[in-house]
1. Looking only at region 261-277, count every residue that is within 11 Å of ligand 1 (Cβ to nearest atom), of a type outside the set (F, W, Y) and under 22 Å from A372 (Cβ atoms) and tell me the total.
2. List every residue pair whose Cβ atoms lie under 9 Å apart, where the two residues are 6 or more positions apart in sequence or sit on different chains, the first residue falls within region 332-353 and is under 14 Å from S450 (Cα atoms), and the second residue, located anywhere, is open to solvent by 30 Å² or more (accessible area, probe 1.4 Å) and in a strand (DSSP E or B).
3. Check every one of the strands (runs of 3 or more DSSP E) wholly within region 202-310 and list those with 2 or more residues that are in contact (Cβ under 8 Å) with a residue 40 or more places away in the chain.
4. Sort out for me the strands (runs of 3 or more DSSP E) sitting completely within region 1-120 that have 1 or more residues that are at pLDDT below 80.
5. Show the residue pairs meeting these rules: Cβ distance below 7 Å; 6+ apart or different chains; first residue within region 183-194 and surrounded by fewer than 24 Cβ atoms within 10 Å (Cβ to Cβ); second residue assigned to a helix (DSSP H, G or I).
6. Among the listed residues G272, G324, G264, which satisfies the condition of being modelled with pLDDT of 95 or more and on the phi > 0 side of the Ramachandran plot?
7. Determine which member of the set A185, A129, A177 is part of a helix (DSSP H, G or I), under 13 Å from V117 (Cβ atoms) and modelled with pLDDT of 95 or more.
8. Answer yes if at least one residue in region 471-483 is assigned by TED's automatic domain parsing to the domain that holds V309, within 30 Å of D331 (Cβ to Cβ) and either more than 14 Å from ligand 1 (Cβ to nearest atom) or surrounded by 20 or more Cβ atoms within 10 Å (Cβ to Cβ) (or both), and no otherwise.
Amino acid sequence: MKNLFDQWNVSLAAMDKGPLKADVCVIPVYAQKKVSPWVQAIDKAHDGIISSWLESSYVGEDREKSMFFVNKGDLAFKDFLVISLGDAKKAGQNEIRNAFGKASKLISQRGYKSVAVVHGDEKIPFEYAMDGFLLGSYRFSKYKEDVKQSQSLQTFIFATSHKNKKTYEKHLSHTCATTRAIFLARDLVNEPGNVVYPESFASIAKNETAKRKITYKVLSAAELKKQNFNLHLAVGQASDKQPCLVHLHYKPTKKAKKKVALVGKGITFDTGGLSLKPPTYMVSMKTDMAGAAGVLAAMTAIADLALPVEVHGIMALAENAVNGNATRPDDVVRARNGKTVEIENTDAEGRLVLADALHYAENLGVDYIVDAATLTGACVIALGDEIFAIYSKDAKLASLIENAASDVGDKGWRMPLEESYKSQLKSDVADMKNVGGREGGSITAALFLSNFVEKTAWAHLDVAGPARASREFDTIPKGGSGVPTRTFIRFVETL
Ligand code: BES
Ligand code: ZN
Ligand code: ZN
């Protein structure tokens, strides 16, 4: 799988070290319209075209209304795109990311091939500008014959001042590692289930890790059987695509500050199994491996950034399909940790594969286990499609995740692991059943998982809502969003 990011040419240029050349030049200004000496210099070299625009046009707080193209037909830049970031005092990192994401979309639509983004005002935190601009330029068009890849935006020049070159080089290489990872996660989610299935996902993971300081191990279906991953196998047994588990391991060169296991639900397609989903609910269930995609993607960035933390990445991969061998409602299966589970609903399969994977992760002896899963529709009802749920009994771990999410512009919200709701999971025939009632469905799913982590600090992220963008956002086109990749990376960075 080719990563779009690797086909791009992304570089830093020193504004004050000679002329730039690109099809279009992006000039950000705050609503205060105070332009920096750099923009003044560009302006002067282009007959005052920017200042006359600023004088005559409304460049206000409304970012939507404050983007305009200025055609110049000049040698260095064909066009300028002036964007307003709104009130300088009010523009936080998300506003900056979004404004640049929106600008990148406008530019992509117009068919430019190269862009220079000018750090027009030193007050602008340029790291978020680079972030937003690159994220907003993502597209998934490989199956569209009418979109010629070579004719789209490929060259990105970020122009900033020479005197802070080192700082911006650091920012840019960080942005490149995370953006590339997010593109990988988005691609994996956007690819359909006939392309991304357990075995092909594993081989993508193998390719991604071969070039990095990450060891790769796959537990085949036969190996899973030997190791009693019976819940995982029960989910995958009705598919011609064999289930498997990918275990990646990154160890920093120096002594690790902490040891972490990231665990991802990797249902490459969720039909619901014999508890079959109705057609309209089944659409987009190729997204059901977003947790695993986030784990793989985060592992690549963690290695690229050489973070000083030891990280295990565990991806529980299976297709939840139907055939004569499908797991039936009422079946009782013994989990890897020895507990028995009555499978009342085969569509609650994510918690089954995760149960065994969490037990496997706990045996690795890590300080923290964090899993991410598109686990429940109930979570989407509770928090909507932009916010993921954070469950943890460990207040410190929960706040590490909350902070990591808000640092990178992801939205996470802590939810209660209300023990008394565990009664919903009581089974007449087994230690527990895999579903509760309709009430608090995301909570009971998390409680189910809690049966499989005994003593390690553990957090569960239900990303069913934000894993896929059902509408376009400034920095996310419709489709896979890359959530939870960035939160994972940031979390590991802050340990
Ligand atoms: N993959 C789904 C959850 C989901 C729903 C993700 C919508 C993204 C968007 C999960 O496997 C599932 O089907 N859960 C059931 C659980 C129920 C049977 C208790 C659900 O949410 O309906
Ligand atoms: Zn399901
Ligand atoms: Zn599912």
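The values are calculated or read from the model by the stated rules, or taken from the named source; none is laboratory data. Source: prediction; values computed, not measured. When we count neighbours, we look across all protein chains shown, and the Cβ atoms used for this are built from the backbone with ideal geometry, even at glycine. These accessible areas exclude ligands, DNA and RNA; they are computed on the full protein's heavy atoms, side chains included. Shrake-Rupley method; radii C 1.70, N 1.55, O 1.52, S 1.80 Å.
1. Kept after step one, since they are within 11 Å of ligand 1 (Cβ to nearest atom), are these residues of region 261-277: 265, 267, 269-273, 275-277.
From what's left, of a type outside the set (F, W, Y): 265, 267, 270-273, 275-277.
With the extra rule that they be under 22 Å from A372 (Cβ atoms), the set shrinks to 265, 267, 270-273, 277.
Residues that pass the stated criteria total 7.
2. V341/V332; V341/R334; V341/K433
3. Details: elements: 214-219, 244-250, 259-270.
Counting at least 2 such residues, we get 244-250, 259-270.
4. Passing ranges, in order: 67-71, 77-84.
5. These pairs meet every condition: P192/K286; G193/K286.
6. Numbers: G324 fails: on the phi > 0 side of the Ramachandran plot; G264 fails: on the phi > 0 side of the Ramachandran plot.
Answer to the check: G272.
7. Working: A185 fails: under 13 Å from V117 (Cβ atoms); A177 fails: under 13 Å from V117 (Cβ atoms).
Only one candidate passes the filter, namely A129.
8. Of the residues in region 471-483, the ones assigned by TED's automatic domain parsing to the domain that holds V309 are 471-483.
Going one step further and asking which of them are within 30 Å of D331 (Cβ to Cβ), we end up with none.
No: region 471-483 contains no residue that is assigned by TED's automatic domain parsing to the domain that holds V309, within 30 Å of D331 (Cβ to Cβ) and either more than 14 Å from ligand 1 (Cβ to nearest atom) or surrounded by 20 or more Cβ atoms within 10 Å (Cβ to Cβ) (or both).
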